[in-house]
Amino acid sequence: MNATINKMKNKSNLKLMFRKELMESRKLLLIGLMGFSAFWVLVGLWCGYFSLGGSSGEVASYIFIYFIAIQFFCSVSFSFMKRKETRLPMLMIPGTAFDKVFPKYVINIVSAILAFYIGFLLLEGSRLLGAFMFDKPAHDFISPFTLPLLIPDPYSSIWIAMIIGFFLLTIAYFSMGAILWPKYSYLVSIGVLWAIQVLLSLIAIIIPWKFITFSVDSISIYMKCLAAGEYLLALAFFYLGYLRFRHSKVLTGIFK
């Protein structure tokens, strides 16, 4: 009986936290989406004027800038942890740490997905509009819903799995960073990534690659392992962020 009551309370708390996060984050979400959209409208008009775009290069450039944007967005998603005055009200709200962290994670993922499609549609639409306004030749419209078809075979399905895994990994890592080091989250998270990259580069230098052979079958296996590693790391980062939030206090360690 008590277990059933506790489950009902947990579900109720989770729903309340979702509503609270949506209400409090809507201003940040709208401002971020409007700025992101306005940027791609301007880029699209510029591309239309110079008859650019409509190619894989445009898609690659969009994805690169998009990932930088979601890195910054996730880095400020736990900005209330920066100061005691904003951290205290959140920690004092009734509910578990999971009730407070999980809605943030979901909102980050859903917002990033919506931003991807909205931004790309605005980029392509404004590109064609710019070409029409300035009487320039325009390339074909690229739909964001058909982007997977641009990935060449073989291994297209594995590439898609890897891209999705990298998307989740990016959100998980920078969301975790926002909890671990909230004051300078983006800069510190980038710095840690840079240090890891340097370390991996040094390891790659000493690996005797000439004794390692790659076949068609082995490449597929390595790519699958890499994709699986991305998903496992994403789960680990989400969990580490949750653990750090669960053990956080009003004044402790890096939260002073």
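Placing +1 at every Lys and Arg Cβ and -1 at every Asp and Glu Cβ, with all other atoms neutral, what dipole size does the chain have around its Cα centre, in debye to the nearest 20?
1660
Quick one: compute the contact order of region 14-255, relative version, from alpha carbon pairs under 8 angstrom and 6+ residues apart, as a percent.
Details: 232 pairs, mean separation 75.8, N = 242.
That works out to 31 percent.
May I ask you to evaluate 6.51 cos²θ - 1.76 cosθ + 1.60, the Karplus curve with θ = phi - 60°, for each residue of region 160-174 and list the ³J(HN,Hα) values in order in whole Hz, giving x for glycine and proline?
Rounded to whole hertz, the list is 4, 4, 5, 5, 5, x, 5, 4, 5, 5, 4, 5, 5, 5, 6.
Give a quick list of chymotrypsin sites (Phe, Trp or Tyr not before Pro) in region 128-164 that DSSP marks as loop, anything other than H, G, I, E or B, with at most 15 other Cβ atoms within 10 Å.
On the way: sites: Phe132, Phe134, Phe141, Phe145, Tyr155, Trp159; in loops: Phe134, Phe141, Tyr155.
Sites meeting the loop and neighbour criteria: Phe134, Phe141.
Could you line up Thr96, Thr170, Thr146 from fewest to most neighbouring Cβ atoms inside 10 Å?
Details: Thr96 15, Thr170 19, Thr146 9.
Sorted ascending by nearby Cβ count, the order is Thr146, Thr96, Thr170.
Can you put Val101, Val106, Val76 in order of Cβ neighbours within 10 angstrom, beginning with the fewest?
Fewest-to-most Cβ neighbours within 10 Å comes out as Val106, Val76, Val101.
Quick one: Asp153, Asp99, fewest Cβ neighbours within 10 Å first, how do they rank?
Values: Asp153 7, Asp99 21.
The most exposed by this proxy come first: Asp153, Asp99.
Could you check the simple spin-label distance between Ile206 and Ile63, using points 7 Å along Cα→Cβ, in nm with one decimal?
For the pair Ile206/Ile63, the computed spacing is 3.3 nm.
Would you kindly derive the ³J(HN,Hα) couplings of region 126-131 from the backbone phi angles with the Karplus curve 6.51 cos²θ - 1.76 cosθ + 1.60 (θ = phi - 60°), listing them in order in whole Hz, with x for Gly and Pro?
5, 5, 5, 5, x, 5
How many percent of all Cα-Cα pairs in the chain sit more than 34 Å apart?
Tail of the P(r) past 34 Å holds 32 percent of the pairs.
Bear in mind these aren't lab numbers, they're just calculated from the coordinates by the rules spelled out. Here the structure is a predicted model, which is why all the values come from computation and not from measurement. Positions of Cβ are backbone-derived with ideal geometry, glycine not excepted, and every protein chain shown enters the neighbour counts.
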